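Undergrad: Before I ask anything, here is the structure I am working with.
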Amino acid sequence: MVEEVERRKKEILKAIIHEHIFTAEPVGSRTLAKSYELGVSSATIRNEMSDLEELGYLEQPYTSAGRIPSDKAYRFYVDTLINDRENLNLELIKLLNNFNYERQGIQQIMSNMAKMLSSVTRYTSVVSEPQMKKSRIKQIQLIPVEGKRILIVLITNTGIVHNKIVKLKQDLNPRQLGYLNEYLFNNLKDKRIKGINNLVLQELEKRLIKRLDLSQEIIELVYKGLEMVSKEDDFKIYLGGTSYILEQPEFNDLDNLKKVLNILDHEEMLKDLLVTIPNKELEVMIGHENKIEEMKKCSLVFASYTVGDIASGKIGVIGPTRMEYSRVIASVNTVAELMGKIISELSG
């Protein structure tokens, strides 16, 4: 008997969540009795809803109104009631099958992936570049610019290009620059950036000073340049469908809308947000589970895409807690998997 009651509560809770997702309105017992085959009377449904409210799964926004799911309800729903592969969007499958990336650069691919994901989910999508520290060096070059400055260009195996300008106290002649470029390339190519530490560069410095009339200051500046381009937060972010936020009734409240748009409009804040998301195959953060205050009215569904066997970047969706989790999870998983395959293929 107890198991039957628990099963009934789950069915009612799932029905309330489905109804609220598609209507954005509080759900009453009469609506559930008419629209869902629950096999019990509206009076029984009301009693179960009262129990669910006491347990923290439902909230009543207005007196005499129906109930809406709480963050706790959505967490229970995500963890136990859905299959992350159900309801895979047929539009997404069609777009992926027709996606031709062979003549696109990595940045363009990421931008297009963000647009594709937002178009099929109708939520704002976010794609981050592969993090530098988890990448390998494919090419490194020092290019002279005006005023005793050099441009350090670093290309990773994922195809991402980073560059920084450092100012020197002395000029480099063409012979010195050519030797330095060749030496750095030969000794750093294919090394993982995370593994290039002080000890590695100090050893390079000793060898270079013996072979070339260069000051220690130049080597130190090159090292600082490498440190700058390999920072954990030194990656670009690509957004798709930011206007979809405006379509959500939850954000008719201007204060709620401003908080979310403030995050999306400031890349540094968005990077801080992504850094808080664990590098997992899939991570769903619901409402108050988000550490950033501005995101307490939102849910985030993110997956890490891998290059080789390393989790390199993130791709996901930001929307209201009243989100179509099943479809979003399936879409994010699929696009993240494809992203990893594309970058791995292009990086050789």
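Undergrad: How do Glu129, Glu182 rank by accessible surface area computed with a 1.4 Å probe, from largest to smallest?
TA: If we order Glu129, Glu182 from most to least accessible, we get Glu182, Glu129.
Undergrad: Quick check on the range 1-57: take the gyration tensor over C-alpha atoms, sort the square-rooted eigenvalues as a ≥ b ≥ c, and tell me if it's rounded (a/c under 1.5), prolate or oblate.
TA: prolate
Undergrad: Another question, if that's okay. By average Cβ neighbour count within 10 Å, what is the ranking of 282-289, 328-335 from highest down?
TA: Ranking the peptides 282-289, 328-335 by packing returns 328-335, 282-289.
Undergrad: Between Ala65 and Glu289, what FRET efficiency follows from the Cβ-Cβ distance if R0 is 25 Å, with the result rounded to 0.05?
TA: Details: r = 26 Å, r/R0 = 1.02.
Step by step, r from the Cβ atoms, then E = 0.45.
Undergrad: What ranking of Thr23, Thr321, Thr80 comes out by heavy-atom accessible area, probe 1.4 Å, highest first? Don't jump to the answer; show the numbers that get you there.
TA: On the way: Thr23 60, Thr321 25, Thr80 80 Å².
Result of the area sort, largest leading: Thr80, Thr23, Thr321.
The values are calculated or read from the model by the stated rules, or taken from the named source; none is laboratory data. Remember, predicted model here, so these are calculated numbers, not experimental data. Glycine gets a Cβ as well: all are built from the backbone with ideal geometry, and neighbour counts include every protein chain shown. Surface accessibility is based on the protein's heavy atoms, side chains included, excluding ligands, DNA and RNA. Shrake-Rupley method; radii C 1.70, N 1.55, O 1.52, S 1.80 Å.
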